[in-house]
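The values are calculated or read from the model by the stated rules, or taken from the named source; none is laboratory data. Because the structure is predicted, anything quoted here is derived from the model rather than measured. A quick note on method: Cβ atoms are made from the backbone with ideal geometry, for glycine too, and the neighbour counts reach across all protein chains shown. These area figures cover heavy atoms from the full protein model, side chains too; ligands, DNA and RNA do not enter into them. Shrake-Rupley method; radii C 1.70, N 1.55, O 1.52, S 1.80 Å.
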Amino acid sequence: MSEAKQIDVTNTPLIKIAYPIIIENLLFLAFSSVDIFMLSGYSDSAVAAVGLMTQYTWFLITFMQVIPSGATISLTNLLGGKQFDRAKSLSRTCLQMIIFFAFVIGMTFAFAVPQILKHYTLEDDVRQYASEYIFIYAIFSVFCGTSMIQSTILRSYGHTRTPMIVNACANSVNIIGNAIALYGWFGLPVFGVKGVAVATVSAQAVGAIVLSIKVFSLKDTKYKVNAPFKINVAEWKQILKIGVPTAGESVSWNLSQMAVMVLISSHGTASIAAFTYFGTILRFIYMIAISIGNAAQIKTGHYCGAKLHETAYKKLFGYIAAGTAFSLSLALVIFILRRQMVGIFTSDYEIKYILLSIMPLAFFLETGRAVNVIAIPSLMASGDIHFPVKAGIFSNWCISFGLAWLFSRTLEMGFFGIIVAMACDECFRSVLMILRWKSKVWMTKSAI
């Protein structure tokens, strides 16, 4: 397809990009919440185990996110600058890289994480469930990686509806698989946590296959996959140059959360389960802001690729205002209905007491997070990658983990103190990101 016939992506309204992402993320949230709800009927130990492994699965995804992160920023800048042939070539390289990364990282996690779990203070059944889940999930992570990169390519071109529809269908497959695994449908035995893991990777496989078919059926996104073992060194360097530091901010956050989880695990299974339920509830609050942030990153990349920096500068403040307003409104609704929501997930008195005691902190935690999940991706899309990473590493470890240790151990604030520390981390970083955007230093950077 000639470049002259390509659509000018800078003219695509944010809402057209954002609303499918919002729906997709909310559907994913609903399905994953059903996951936790279904597991809670099976065993609180299973909930604690899968909740604990969520830190590792997100960490695994974050490692693989190096490729989609580099792809999003590179592709949106290339498309904004109307360099369509380079964009197609880069898409092929991204698929090649994600398959390689997913295989290597997945195998590493499958065999390393069960050894790491020996250092956690866990009950035996929780440790066993966690080891079973992460092994199956990690071994087949190539499906997750392929789905991620094909979704990234479609979104970069402005095709955000397709990933929404496909991932909704895949999540439906996951729920059906969970029901078969946990309830023994069709006369099958109850497979428990292992069955839930198999259902998850099966759904990811379905999503990867359908998304790949869609990418190769559209004229603007279709790219050649001949000579699969031929490496374009320049494009590998381009993706890694952007993707490694971009993902570094998420890697730091996930590592700090794993360290915080060690502190939480010392307070017992009830605290681990409470943290899992709390995280599930909070996702209803911040998912819209994250969706706006994803769309804002695409638009900022398009604007910066087209050298429309002032337009990007003005637009971001509106994106942040919208994301923060949504987050605070949802936080208020959830706070009002907190007893009913907690009752949906568990009837355990200790877990309910812990959850209700920390619920007011959601207002502070989610205000800061809303700014971060919108401002940080946009800064990175502009080419200003290293500042958010350095700020994130400092804040995650010195404030989130450092204060969590201080509050929970030295000041004996327990689990409540850990959540306070997490809120301080989000709010501190949000102030830094706003100041950085207002400084306009990012206008001197370039992603390609």
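Just to be sure before I move on: is Cys169 closer than 20 Å to Val198 by Cα and part of a helix (DSSP H, G or I) in the structure I sent?
yes
Pick from Met341, Met443, Met433: which is of a type in the set (A, V, I, L, M, F, W, C) and at pLDDT below 95?
Met341
State which residue is farthest from Ala295 (Cα to Cα) when the search covers only the range 69-101 and only residues that are in contact with a Phe, Trp or Tyr (Cβ under 6 Å, 6 or more places away or on another chain) and open to solvent by 30 Å² or more (accessible area, probe 1.4 Å).
Here the answer is Arg92.
Does Gly51 fit the bill of being open to solvent by less than 10 Å² (accessible area, probe 1.4 Å) and either among the hydrophobic types (A, V, I, L, M, F, W, C) or at pLDDT below 90 (or both)?
yes
Out of the residues in the range 219-263 meeting the condition of being hydroxyl-bearing (Ser, Thr, Tyr) and either touching a Gly at 6+ places or on another chain (Cβ under 7 Å) or under 17 Å from Pro377 (Cβ atoms) (or both), tell me which one is modelled with the highest pLDDT.
Ser252
Quick check: anything in the range 255-262 within 24 Å of the chain's Cα centre (by Cα), buried (at least 17 other Cβ atoms within 10 Å of the Cβ) and within 23 Å of Phe143 (Cβ to Cβ)?
no
Got at least one residue in the range 237-249 being among the charged types (D, E, K, R) and free of Cβ contacts under 8 Å to residues at least 24 places away in the same chain?
Yes, some residue in the range 237-249 is among the charged types (D, E, K, R) and free of Cβ contacts under 8 Å to residues at least 24 places away in the same chain.
Are any residues in the range 176-234 without any contact (Cβ under 8 Å) to a residue 12 or more places away in the chain, polar (S, T, N, Q) and under 18 Å from Gln96 (Cβ atoms), and if so, which ones?
Residue satisfying the conditions is Asn226 alone.
If you take the residues of the range 14-48 that are more than 20 Å from Gly343 (Cα to Cα) and modelled with pLDDT under 80, which of them is most open to solvent (accessible area, probe 1.4 Å)?
So, considering only residues that are more than 20 Å from Gly343 (Cα to Cα) and modelled with pLDDT under 80, the one most open to solvent (accessible area, probe 1.4 Å) is Phe28.
Among the residues of the range 110-126, is any open to solvent by less than 30 Å² (accessible area, probe 1.4 Å), of a type in the set (Gly, Ala, Ser) and over 30 Å from Thr269 (Cα atoms)?
No, the range 110-126 contains no residue that is open to solvent by less than 30 Å² (accessible area, probe 1.4 Å), of a type in the set (Gly, Ala, Ser) and over 30 Å from Thr269 (Cα atoms).
So which of Ile358, Ile376, Ile354 is among the β-branched types (Val, Ile, Thr), closer than 25 Å to Val251 by Cβ, touching a helix residue (DSSP H, G or I) at 6+ places or on another chain (Cβ under 8 Å) and assigned to a helix (DSSP H, G or I)?
Exactly one residue qualifies, and that residue is Ile376.
Anything in the range 279-318 that is buried (at least 22 other Cβ atoms within 10 Å of the Cβ) and among the aromatic types (Phe, Trp, Tyr)? List them, or say none.
Tyr286, Tyr303
Only one residue in Gln204, Gln257, Gln238 is in contact with a Cys (Cβ under 8 Å, 6 or more places away or on another chain) and not hydroxyl-bearing (Ser, Thr, Tyr). Which one?
Selected residue: Gln204, the only one of Gln204, Gln257, Gln238 that is in contact with a Cys (Cβ under 8 Å, 6 or more places away or on another chain) and not hydroxyl-bearing (Ser, Thr, Tyr).
I'd like the full set of residues that are open to solvent by less than 20 Å² (accessible area, probe 1.4 Å) and in a helix (DSSP H, G or I), limited to the range 206-241.
Across the range 206-241, the qualifying residues are Gly207, Ala208, Leu211, Val215, Ile239.
Regarding Val104, is this residue of a type in the set (A, V, I, L, M), within 24 Å of Pro228 (Cβ to Cβ) and out of contact with any Pro (no Cβ under 8 Å at 6 or more places or on another chain)?
yes
Within 20 Å of the chain's Cα centre (by Cα) and farther than 22 Å from Thr76 by Cα: which single residue out of Leu361, Leu330, Leu337, Leu355 fits that description?
Leu330
Condition test on Ser400, is it of a type in the set (S, T, N, Q) and either surrounded by fewer than 21 Cβ atoms within 10 Å (Cβ to Cβ) or at pLDDT below 95 (or both)?
So Ser400 fits the description; yes.
One line per residue, one yes/no per condition, for (1) at pLDDT 90 or above; (2) buried (at least 19 other Cβ atoms within 10 Å of the Cβ):
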position	(1), (2)
Tyr137	yes, yes
Gly158	no, yes
Asn167	no, yes
Ile175	no, no
Ala181	no, yes
Val193	no, yes
Ala203	yes, yes
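Considering only residues that are in a helix (DSSP H, G or I), in contact with a Cys (Cβ under 7 Å, 6 or more places away or on another chain) and under 30 Å from Thr444 (Cα atoms), which ones fall in the range 379-418?
Ala381, Ile399
Inspect all residues belonging to the range 292-305 and state whether any of them is under 23 Å from Ile376 (Cα atoms), out of contact with any Pro (no Cβ under 8 Å at 6 or more places or on another chain), modelled with pLDDT of 85 or more and of a type in the set (Val, Ile, Thr).
Within the range 292-305, one or more residues are under 23 Å from Ile376 (Cα atoms), out of contact with any Pro (no Cβ under 8 Å at 6 or more places or on another chain), modelled with pLDDT of 85 or more and of a type in the set (Val, Ile, Thr).
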